[in-house]
Amino acid sequence: MSNEAKGSAGVPPAVAWASRPRFGEVTIRNRGRLPHWEKEGATYFITFRLGDSLPKSVLEQIESERRAIVTTANQLHRELSPEERTTIQRLSTPIIEQFLDTGAGACHLSHPWIADEVANALRHFDGKRYLLFAWCVMPNHVHVLVRLFPTQNLAAVVHSWKSFSAKRANAILGAQGSFWQREYHDHLVRDEAEFERAVRYVAENPIKANLKGWGWVWVRGRDARATAAGDGGATRIA
């Protein structure tokens, strides 16, 4: 689980898996909080969100409970157990989803021009630095399913998306300062079944949030609306 700073975007239950990756050469990055599982050329489910998408009280509650679990493991000089990782994910996911999908904050991504800028940022290096499989720009957060090409760094890729889109969004809004939350969540996708669940989650997110005719959702090689309905398709709708 990734944390660039205090708090976390949480991982949707459709792709939330707590056990350690069991394939390939996995690098473990640890910034003193929760471990990051990384593998060169791997596929990730990534979530990042707007700076005002969660109240400070919610972030503090989640961080406090997570810190208690991590502190205990550190004091015992051991890694988090699968059960502890499951607990960490479950204690935050319902709270995070409730606020995100009910439209917490100013929801600047509901502005068509801003949503377009975020989509453009995602697509800019598609096929060059990474391969996009699915993405969805929601009113206050973004989901991306992506495979990084060899030598590409996950943190650098996410930073490029956020930096470019933040500058363009602030220009549109006539605003300054932080646009995105500093942290993002990344989940290493480990098998085909997990991949398909992630695709479906991305495609269905606008429907579950009651966003009618939402245009900023895309699944490679499929119509995202048809995917959400359980049918196959072949056209992009974003």
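What ranking, highest mean first, results for peptides 158-169, 65-76 when packing means the other Cβ atoms within 10 Å averaged over each residue?
Order by mean packing, descending: 158-169, 65-76.
Going by average Cβ neighbours within 10 Å, how do the peptides 129-141, 208-220 rank, with the highest at the top?
129-141, 208-220
Report the convex hull volume per residue for the range 123-198, counting only C-alpha atoms, in Å³.
Hull volume normalised by residue count: 104 Å³.
No lab work stands behind these numbers, since they all come straight from the coordinates. Everything numeric in this text was worked out from a predicted model, so none of it was measured. Quick reminder, even Gly has a Cβ in these numbers, built from the backbone with ideal geometry, and neighbours come from all protein chains shown.
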